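The values are calculated or read from the model by the stated rules, or taken from the named source; none is laboratory data. In this text the structure is predicted, and so the values were computed from the model without any measurement. Cβ placement follows ideal geometry from the backbone for every residue including glycine, while neighbour counts extend to all protein chains displayed. For accessibility, only protein heavy atoms count, side chains too; no ligands or nucleic acids. Shrake-Rupley method; radii C 1.70, N 1.55, O 1.52, S 1.80 Å.
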Amino acid sequence: MPAEPITAAQLFERTFAPHYPPDVLADLAAARSTDANPAGNPSILAQIDHAAEVFARLAPGAFGAPDLGLDFSDASVHRLGAALTRERRDAWLSPAEGAADARGTSAEGGGGAPPMLVTLVTHGALYVGACVARNHGGKWQVRRPLWESLVRLESRAGTGDLAIFQWWLKALSDEEIGRGRLADRYRTHVEVPTFDAERLPVIAAGDRRIPRLAKVRYDTLYKHLRAHLPELRSVGEDFPSPERFEEMAFKSLEFALLGGGRMLLMHGATAEGVHLFWLDASGFVKSVYYPADSFPAHVVQIEGQKIRVIVPVRGETQAHEMLWWGA
């Protein structure tokens with residue numbers, strides 16, 4: 001029989017829960033919502049920083065990647081996310097390897113020497129949280145054990161408490177392993193909401209209307225942009241190649257200037273779904289794809305700081321919201 005898939009919940013129950021204090025496990029929901037540092041004791045915050053520093057120093061060896069570059073930058077989280085592979089996870093789950101390599105970094109709740117995975121994730125959660133705190137002004141919301149701590153981040157998207165330990169569990173599950181989902185969550189919940197979009201140069205006046213392109217080919221798109229938005233000198237090196245663009249077979253393309261003319265949004269439907277492209281003055285920045293039915297047509301609503309994309313999926317309506325500079 002094939003091995004049972006490893007879910008985030010199973011990973012927690014089988015690998016991490018044995019190292020939690022019994023009273024925490026007795027009411028985990030309460031522990032995750034209770035401030036474990038109500039007096040703001042700086043020594044507890046210092047413990048978090050120390051654990052993050054230990055991770056930054058020792059993780060490259062554990063990953064077998066001396067060039068991992070854990071310098072507390074946003075980019076380091078992306079490198080870290082890309083390094084989470086199935087092969088590494090499975091090796092770190094070995095109790096024997098954990099007992100040999102995790103000396104000096106025991107988990108809080110006991111339960112014997114933890115697998116290397118426990119040491120890496122409990123310290124790694126604090127490292128990623130420290131990146132949020134150092135680069136984006138996040139504030140620690142201390143929990144017990146420390147790796148359950150949240151990071152409160154205030155941004156234009158609102159105030160959110162980031163459960164970074166949970167990000168790690170999900171990223172290491174069979175459903176997500178090897179897909180870079182730790183970095184994806186960091187981008188979505190940290191980098192995008194805190195991005196200073198007002199620093200982008202204005203391409204053109206935000207009230208300029210760019211007509212719909214009915215016959216979509218790479219060459220007609222180029223001519224359309226030259227005619228209606230000549231200030232955009234290029235679609236950029238990372239825009240889909242002419243061959244890939246033709247393969248998408250857009251039914252049409254619509255355009256909107258965002259953020260007072262700082263970005264151009266292009267969106268259109270294909271036979272399989274809806275594509276959105278964001279371009280700034282230098283060209284292509286990012287894209288999003290939503291699977292969708294071919295009828296009825298998708299809708300893009302721009303309201304203040306946010307974009308709402310409405311798509312039909314199997315006869316039902318789905319709505320996706322994001323800040324105007326993209327997901």
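Overview of results
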quantity: Some residue of the stretch 143-163 being hydrophobic (A, V, I, L, M, F, W, C), open to solvent by less than 30 Å² (accessible area, probe 1.4 Å), outside any strand (DSSP E or B) and within 13 Å of Leu126 (Cα to Cα); calculated: yes
quantity: Residue within the stretch 216-225 that is modelled with pLDDT of 95 or more, within 20 Å of Trp324 (Cβ to Cβ) and out of contact with any Lys or Arg (no Cβ under 7 Å at 6 or more places or on another chain) present; calculated: yes
quantity: Qualifying position, being loosely packed, with under 12 Cβ neighbours inside 10 Å and aliphatic (A, V, I, L, M), among Ala39, Ala59, Ala52; calculated: Ala39
quantity: Residue list for the stretch 70-95, filter: within 13 Å of Arg134 (Cβ to Cβ), more than 17 Å from the chain's Cα centre (by Cα) and open to solvent by less than 30 Å² (accessible area, probe 1.4 Å); calculated: Leu70
quantity: Condition met for Val274 (of a type outside the set (Lys, Arg), under 18 Å from Pro193 (Cβ atoms), under 24 Å from the mean Cα position of the chain (by Cα) and part of a strand (DSSP E or B)); calculated: no
quantity: From the options Ala107, Ala113, Ala65, residue that is modelled with pLDDT of 95 or more, more than 21 Å from the chain's Cα centre (by Cα) and part of a loop (DSSP other than H, G, I, E, B); calculated: Ala65
quantity: Residues (touching a Phe, Trp or Tyr at 6+ places or on another chain (Cβ under 7 Å) and either among the hydroxyl-bearing types (Ser, Thr, Tyr) or closer than 28 Å to Pro18 by Cα (or both)) located in the stretch 132-154; calculated: Pro145, Trp147, Glu148, Ser149, Val151
quantity: Any hit, the stretch 287-301, residues being under 19 Å from Phe195 (Cβ atoms) and not in a loop (DSSP other than H, G, I, E, B); calculated: yes
quantity: Selection within the stretch 306-317 - surrounded by 14 or more Cβ atoms within 10 Å (Cβ to Cβ) and either at positive phi or touching a strand residue (DSSP E or B) at 6+ places or on another chain (Cβ under 6 Å) (or both); calculated: Ile307, Val309, Ile310, Val311
quantity: Given (1) more than 20 Å from Leu126 (Cα to Cα); (2) in contact with an Asp or Glu (Cβ under 7 Å, 6 or more places away or on another chain); (3) modelled with pLDDT of 95 or more; (4) of a type outside the set (Lys, Arg), index of the condition Asp90 fails; calculated: (2)
quantity: Close pairs from the stretch 247-269: first within 16 Å of Lys223 (Cβ to Cβ) and assigned to a loop (DSSP other than H, G, I, E, B), partner open to solvent by less than 20 Å² (accessible area, probe 1.4 Å) and of a type in the set (Gly, Ala, Ser), Cβ under 9 Å, at least 6 apart; calculated: Phe250/Gly268; Ser252/Gly268
quantity: Pair list, Cβ under 8 Å, 6 or more apart: the stretch 174-187 residue closer than 19 Å to Leu93 by Cα, other residue among the hydroxyl-bearing types (Ser, Thr, Tyr) and open to solvent by less than 70 Å² (accessible area, probe 1.4 Å); calculated: Asp174/Thr7; Glu175/Thr7; Ile177/Thr85; Gly178/Thr85
quantity: Filter result (of a type outside the set (Ser, Thr, Tyr) and part of a loop (DSSP other than H, G, I, E, B)) within the stretch 233-246; calculated: Arg233, Val235, Gly236, Glu237, Asp238, Phe239, Pro240
quantity: Search result, residues across the stretch 172-225 that are open to solvent by 30 Å² or more (accessible area, probe 1.4 Å), part of a helix (DSSP H, G or I) and of a type in the set (A, V, I, L, M, F, W, C); calculated: none
